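Working notes, structure below.
The values are calculated or read from the model by the stated rules, or taken from the named source; none is laboratory data. Because the structure is a prediction, the values reported are computed rather than measured. Reconstructed Cβ throughout: ideal geometry from the backbone, glycine too, with neighbour counts over all protein chains shown. Note: accessible area is taken over every heavy atom of the protein model, side chains too, but ligands, DNA and RNA are not part of it. Shrake-Rupley method; radii C 1.70, N 1.55, O 1.52, S 1.80 Å.
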Amino acid sequence: MKTYTLNDGNKIPAFGLGTWKSPEGEVRQAVKEALRVGYRHIDGAWIYQNEKEVGQGIRDAIDAGIVTREEIFVTSKLWNTFHAPDDVETGCQETLTALGLDYIDLFLMHWPIAFRPGKSQHKAPEDFWPLAEMPLSKTFEAMLKLREKNLVKSVGVSNFTVSKLKQLIDESGAVPAMNQVELHPYNPQTELLAYCREQGICVTAYSPLGSSDRPDSMKAKDEPPLLENETVKATADKEGVTPAQMLIAWALSRDTVVIPKSTNAGRIAQNLAATEHNLSDEARAALENIDIHYRYVSPRGWFFPGITYEGESFWA
Ligand code: A2P
């Protein structure tokens, strides 16, 4: 399994299992199955509300002698409610308790957005904490301290743009080990990738298959399904792989980590097999020439007039 070395010296497996949207009643078995067939990296988050089951899947695999804790890499993410420096450890501990683990390999700030303490969701502008009052760098500095307590091994961010990364690095004097963002041929984010590479920040591609299992409330009516794109399908045919496998191979060919989600045993195995496929230059070029630009995941619901997180400038 290909690994990358993070800027703190720790190693991360380039391929992992995504667990966003993995339902209770399925994800425990999916995690165990993934570890059984050879996955060594599981990606989760407090807000996915399934960390207890994810942890049970990990425990099942450890108890069955499939893996040891040290052989696997577990990522989780600090939810927006825990941005106050004094709450960061609480957010981390809630995840550790749910997972039944005593450390996380990689802990990410889930969004460059803070909710007022105690607000797990946003209902009104006053539920948000303006970044001028609660700077992301203060949250990040508190996250870095968790390493000294051996609660986490590496610390990074998620959903950060170049300008937000620059500000974070300027203000905290520290460079995140990881930036996890939405990446696929409709949203290749080439400039962000180049900036991260230059800074020594590893990048994880989330929603690499287009996340078509998102709740309807998160979908635009006319959104273009990535796995059904004609170029994706025709190029995959030529490569002798499935569209999903080709998208995974594409992400790996760009030296990003990739975390496709599946709870289906056949597709879990199929996705792992994609790590052995070397994408041809022709296929890469075909994917890079796709002329559709689309972001599936957007914090649109968090855009209120007059607050920090307003409008499309969020991604600028
Ligand atoms: P399932 O869990 O039933 O396998 P993303 O990783 O971009 O969020 O995409 C997840 C979606 O892609 C889920 O609906 C998942 O369904 C589906 N999926 C995962 N692997 C494959 C595959 N190999 N072929 C087709 N669909 C897949």
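Counting only residues that are in a loop (DSSP other than H, G, I, E, B) and under 20 Å from E182 (Cα atoms), segment 264-316 holds 16 of them. Let me spell it out: the conditions are (1) away from the ligand (no atom under 16 Å from the Cβ); (2) among the β-branched types (V, I, T); (3) open to solvent by less than 10 Å² (accessible area, probe 1.4 Å), and V258 meets all of them except one. Which number is the exception? Here V258 meets the rest and fails (1). Candidates L136, L108: the one that is open to solvent by less than 30 Å² (accessible area, probe 1.4 Å), at pLDDT 90 or above and closer than 25 Å to G57 by Cβ is L108. The set of residues from segment 3-50 being within 23 Å of G65 (Cα to Cα), away from the ligand (no atom under 16 Å from the Cβ) and among the charged types (D, E, K, R) comprises K11, R36, R40.
Taking the condition within 21 Å of K11 (Cβ to Cβ), free of Cβ contacts under 8 Å to residues at least 40 places away in the same chain and among the hydrophobic types (A, V, I, L, M, F, W, C), does A205 pass? No; evaluated as a whole, the condition is false for this residue.
Yes or no: G91 under 19 Å from I268 (Cα atoms) and either in contact with a Ser or Thr (Cβ under 6 Å, 6 or more places away or on another chain) or open to solvent by less than 40 Å² (accessible area, probe 1.4 Å) (or both)? Judged against the criteria, G91 is not a match. Among the residues of segment 18-62, write down those that are over 16 Å from F107 (Cα atoms) and touching a residue at least 60 places away in the same chain (Cβ under 8 Å). Matches in segment 18-62: K21, S22, P23, E26, V27, Q29, A30, E33, A34, V37, G38, Y39.
Residue check: is S22 surrounded by 22 or more Cβ atoms within 10 Å (Cβ to Cβ) and part of a loop (DSSP other than H, G, I, E, B)? Answer is yes for this residue. From the list S211, S207, the one residue that fits, being among the hydroxyl-bearing types (S, T, Y), farther than 19 Å from E288 by Cα, open to solvent by less than 20 Å² (accessible area, probe 1.4 Å) and near the ligand (Cβ under 10 Å from one of its atoms), is S211. Closer than 29 Å to K2 by Cα and either modelled with pLDDT of 95 or more or surrounded by fewer than 16 Cβ atoms within 10 Å (Cβ to Cβ) (or both) - does that describe any residue in segment 303-316? Looking through segment 303-316, none of the residues is closer than 29 Å to K2 by Cα and either modelled with pLDDT of 95 or more or surrounded by fewer than 16 Cβ atoms within 10 Å (Cβ to Cβ) (or both). Considering every residue within segment 219-226, establish whether at least one is basic (K, R), modelled with pLDDT under 95, part of a loop (DSSP other than H, G, I, E, B) and more than 11 Å from the ligand (Cβ to nearest atom). Scanning segment 219-226 turns up at least one residue that is basic (K, R), modelled with pLDDT under 95, part of a loop (DSSP other than H, G, I, E, B) and more than 11 Å from the ligand (Cβ to nearest atom).
Residue-by-condition table, conditions (1) within 13 Å of the ligand (Cβ to nearest atom); (2) open to solvent by less than 20 Å² (accessible area, probe 1.4 Å):
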site	(1), (2)
A234	no, no
K238	no, no
V241	yes, no
A244	yes, yes
I248	yes, yes
T263	yes, no
I268	yes, yes
E276	no, no
L279	no, no
